Each structure stands twice: as C-alpha cells, then as structure tokens.
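Here's the structure, in structure tokens; my notes come after.
The values are calculated or read from the model by the stated rules, or taken from the named source; none is laboratory data. Computed from a predicted model, the values in this text were never measured in an experiment. Ideal geometry is used to build each Cβ from the backbone, glycine not excepted, and the neighbour counts take in all protein chains shown. In case anyone asks, the SASA skips ligands and DNA or RNA and just uses the protein heavy atoms, side chains included. Shrake-Rupley method; radii C 1.70, N 1.55, O 1.52, S 1.80 Å.
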Number of protein chains: 2
Amino acid sequence: MDASRCGGETVITLDFEKQAGLIPAIILDYETKEVLMLAYLNEASYQKTLETGQMWYYSRSRDELWHKGATSGHFQNVKSIKTDCDCDTLLIEVEQVAGTACHTGARSCFFNQIL
Amino acid sequence: MDASRCGGETVITLDFEKQAGLIPAIILDYETKEVLMLAYLNEASYQKTLETGQMWYYSRSRDELWHKGATSGHFQNVKSIKTDCDCDTLLIEVEQVAGTACHTGARSCFFNQIL
C-alpha cells in the first residue's frame, strides 16, 4: 500500500472528516490551467460531481448543494480530478461553459491584486 | 468604492472572520504557474508573510505559526498576492526554493490522480 494515496493503491479516500465535512477544491481551466475559483465540496456534492461529470459544490451561505451553472448557465464540465498528499484538498480541471467562473462576471474570481 | 475589492479602492481587507480565522491560500510556482500546494494563513501568519516576503502559514496539526522552509530549507519567496471576489481566499505566486513544495519530496502536493 502506498500511504501517500491515503487509501491504498487503487482507491483514494478523501478526508472529509479532517476538513469538518467540507473539502476545498481549486478549480482550473483545463486548457489554460488558469485558477478560476475555489469552492467547497461535502461528500454529497462530491458524489454528484462524480455521477454527473459537472461541478457540484456545497454553498456555505445558502447551506445547500449547489450545482454550478444551474441558474447562470455557467456549468463546469469536469476534465480531471486530483487530490493532494494527505487527501484533504482537490485540484479539478474543468471546461468552463461561457468562460465565466465568477459571480461578478469575471473569468476568474482572483482579480484583486494585493501585492 | 468598488465593493468587489472588499475594502475600498486602495485597501483590501481579508475576511478572516468568514473563514473561522484561517484563510486558504493556493500556492503557485511564479514561473510555471503550476499549483504547488494549499495551506492556511491566520492573521498573524499573513502579517509575517507581508513583513518578511516569505510564506508563513498556520499549522492546524501543530497549532502554531509555520515558517515554510524553516526546517527543510524549502522556503517560498513571495512574488505576488491576489485575493478573490469576496476576499476570503488567497492566490499567491512564489519562488519555491529547491523546487520542492511537498513534505513527501514531490514538487507539488497534487500527485494523486482520481479521474
């Protein structure tokens, strides 16, 4: 068993417990590799994401599952999923429908330059 | 005032309260833009990062400030800092000393492919 896979050679088990039920996911554009946003998945949204091939998050403000794009049309089609060395964070490449990830209308949520 | 800057036109105020004191930071290699890791900053580590120009995190497992590289020599020199649309997540580009961000010895922590 390769311990770095956090669950054996073939099955990777995400550590939702460590993250109080919500695992952060870094979302990249699969073509440009640009960081588009960060959002959180609980186990139910993770299962919906795997089943549907589109991103489902958990909205902390609305306290409910959030199918990204359901109201805006800006769906995210999953292209690849990785987790990190201790399986408590996700890195997901997506095809961003309409090219707009941010609720402000920006392509990426990371537009505030501090330094 | 541009509300999207979460603190006015010139000062950006990070929303530590929303994140229960710990803001996640996505760390990129400043040259290749590769995602190296994700870790958490509290206000004290954020101030140390700004003051020193190197990454300081908050270690949740050790419950203390964590100067990345202090024991391994794998310091991270800060090249740029952005925050997202609601100022509760950081995106930081670094020069990764020795090219190794992960405690496993891997360049990036994201080496576990799920899909």
Averaged over peptide B:33-43, how many Cβ atoms belonging to another chain are found within 10 Å of each residue's Cβ?
3
If you only keep lysine pairs separated by 8 or more in sequence, or across chains, how many in the protein assembly as shown come under 17 Å at the Cα atoms?
15
As a test of the definition: with a 1.4 Å probe, what buried accessible area, both sides summed, do you compute for B against A, in Å² to the nearest 100?
3100 Å²
Hey, what's the per residue convex hull volume over the C-alpha atoms of chain A, in cubic angstrom?
128 Å³
Here the correct list, in nm and shortest first, of distances from B:Glu51 to the same site in the other copies, label points 7 Å along Cα→Cβ, is 5.0
Given H placed on each backbone N at 1.01 Å, which residues far from B:Lys18 in sequence or on other chains put an amide H within less than 5 Å of it?
none
Give the distance, in whole Å, between the Cα centre of region B:36-115 and the Cα centre of region A:91-115.
21 Å
Accessible area of the protein assembly as shown with a 1.4 Å probe: how many percent of it is carbon plus sulfur?
49 percent
What average number of partner chain Cβ atoms lie no more than 10 Å from the Cβ of the residues making up A:104-110?
4
Using amide H atoms built 1.01 Å from N in the peptide plane, name the residues 5+ places from B:Leu28, or on other chains, whose amide H lies under 5 Å from its own.
B:Leu36, B:Ile92, B:Glu93, B:Val94
Label distances, nm, B:Gln19 versus same residue in remaining copies, Cβ-directed 7 Å point:
1.4
Shortest-first nm distances, A:Lys33 label point to equivalent points in other copies (7 Å, Cα→Cβ):
0.8
Positive minus negative residues near B:Leu90 (Lys, Arg vs Asp, Glu; Cβ under 15 Å)
0
Going by amide H atoms built from the backbone, whose H comes under 5 Å of the H on A:Phe75, apart from near neighbours?
A:Val97
Net charge of neighbours whose Cβ lies under 14 Å from the Cβ of A:Asp15, counting Lys and Arg as +1 and Asp and Glu as -1
-2
Quick one: net charge around A:Leu38, please, counting Lys, Arg +1 and Asp, Glu -1 for every other residue with C-beta under 11 Å from its C-beta.
-3
Rounded to 10°, Cα long-axis angle of helix B:43-52 versus longest principal axis of chain B:
70 degrees
